[in-house]
Every structure is written in structure tokens, then in C-alpha cells.
Amino acid sequence: MSNILNEFSMNFFKLDGKVAVVTGGNTGLGQAYAVALAKAGADLVITTHGRNWEETAELIEKEGRKVVFVQADLTNKEDRKNVVKTAIDNFGKIDILVNNAGTIRRAPLLEYKEEDWDAVMDINLNAVYFLSQDVARIMVEQGSGKIINIASMLTFQGGKFVPPYTASKHGIAGITKAFANELACKNIQINAIAPGYIKTANTEPIRADKARNAEIQGRIPADRWADPFDLMGAVVFLASRASDYVNGHVLAVDGGWLVR
């Protein structure tokens, strides 16, 4: 037994020589995931919905890693296939997929429009499934891979005024478990990260509302909102050899929000 234990080292957390695809990895939490993977040693392909990637490129290249950006509408089949092709053409493989890209639209459920429901589900759930399917085919051929989906506190709760977002994030948990059931035997690990309340541009209006901010922070045992920095260790862990026996799990990184 002691000989087996001695095989473990901090190198298990390194991603040297790995290639990661991060969707929506040029801003917010996606940028934090991408930079974390680069710091651990991975080269990256990052999908964007615009051209605002200069800062992310600088942060990744500062780590001595390569990065390729692809403008893509992930609800479009041909765009998804182009993301995969870009990764293979530039790096020859895909070791890690982080399904970060998503959207949210708010309205009371009795007033929610069908087109808004469809728009949220298309990017948050359908695109995740079909891109993961395409990438999983490559990982099966390689004999290894890591898929990391981005869930939410609304994977566990109902929320208000965001019915399709809630449904999509519950769906992410289901996809994560279904993929794990079929692909774990192929040496592919599929897990999810469920961020708590994070300081990003998207949450700035909530944090500016003193009453709402106090209500949220008062429920967090850690007594603070998270910074994107707080998610970086989780994505490296789930992308690395250190998590090879973790599969189908939704990892909450929430300062204790769910336990209160």
C-alpha cells in the first residue's frame, strides 16, 4: 500500500501538454477558467461571441501558453463543428472541454415568451449537449478526456423570474450524470461546477442594491461574495489527473450557500 501512496504527487494537478476548449472564455468566469488552465500548463481554444479577447490573450500568453480564439454561435451546428476542427487543426487533440458559455433572460413565468425560453435553452442546454457529444467522440478515440459543465445554484433551487435558466441548469446536472454513466468506462470524466454568488459584471446591479446584497450575503456562511479567483482551483482539479475517479459530480463552490 505504501508504494501506491508514494506514486501521488503535486504533478497530478499539472496540465502540461494538455489542450482545453473553453466556451465563452474571454470574459467573466470563463476568463478565470481559461487563465487557470493556462497557469496549470494547458494550451487553449476559446470560443467568443465577439472580438473582445485581447486581455484574455495577454493573460494566457504571459503564462507561455498558446491560445486560439474562435467566434462562434454555439447554437449553430456548423459553428460547433468548426470549434472542434479548429482545436484539432491547431493542436491535434482535445483533452478538456469547459462548457461555460450561457445566457439568462428575466421575466415572471406567467409572462415569459416562448422565443426567450427557446433562446436560453438553445445555448444553455442544447449547445452544451451537442458540443459535448462532438468532443466526446474525439475523447473516446484518444482514450481519455475531461468534460466540465457549468451548473448553478439554480441547479439545486428554483429561483424567480428565470424559469428556462433554472430548467437548463437542472438539465446540466442531468447531462453530466448521463454522460458519466456512458463514458466513465472510456476513461472520460464528466463533472460540473456550480458557482455561488460571484462578483462579475453580470451581478453588479444586484450588488448595487443594498437590500438585496445584504439579503444574499447574509445567507452565505463565508460572509462574502466570491471572486472569479475562487473558481480557478476547482476547474484545475476537475481537469487534472487528480480527479480521475470523480465522475458525474456537481461541485458547488458557493461559500456554503446551499448548507444554510
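Some values worked out for this structure:
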read-out: Nearest 10 degrees, 0 to 90: helix 163-183 Cα axis against the chain principal axis; value: 20
read-out: Using alpha-carbon coordinates, inclination of helix 77-91 to the longest axis of the chain, degrees; value: 40
read-out: The range 50-91: trypsin sites (Lys or Arg not before Pro) in DSSP coil with no more than 16 other Cβ atoms inside 10 Å; value: ARG51, LYS66
read-out: Potential extension, LEU258-ASP16 segment - 0.36 nm per residue separation minus Cα distance; value: 83.7 nm
read-out: Relative counts (whole %) of C-alpha pair distances in the range 10-259, using bins that are 5 Å wide; value: 1, 7, 14, 18, 20, 18, 12, 7, 3, 1, 0
read-out: Estimated FRET transfer efficiency when R0 is 51 angstrom, pair ALA119-ASN187 (beta carbons, to 0.05); value: 0.90
read-out: Candidates ALA184, ALA222, ALA151, ranked by Gaussian network fluctuation over the chain, Cα under 10 Å, top entry; value: ALA222
read-out: Fewest-first sequence of ASP122, ASP95 by Cβ atoms within 10 Å of each Cβ; value: ASP122, ASP95
read-out: Residue-averaged 222 nm ellipticity for the chain, from DSSP H runs of 4+ at -39500 (n - 2.57), nearest 500; value: -12500 deg cm²/dmol
read-out: Interchain or long-range residues, amide H under 5 Å from VAL68's placed H; value: LEU44, VAL45, ILE46
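Read the figures in this text as sums done on the coordinates, not as results from a lab. Because the structure is a prediction, the values reported are computed rather than measured. Ideal geometry is used to build each Cβ from the backbone, glycine not excepted, and the neighbour counts take in all protein chains shown.
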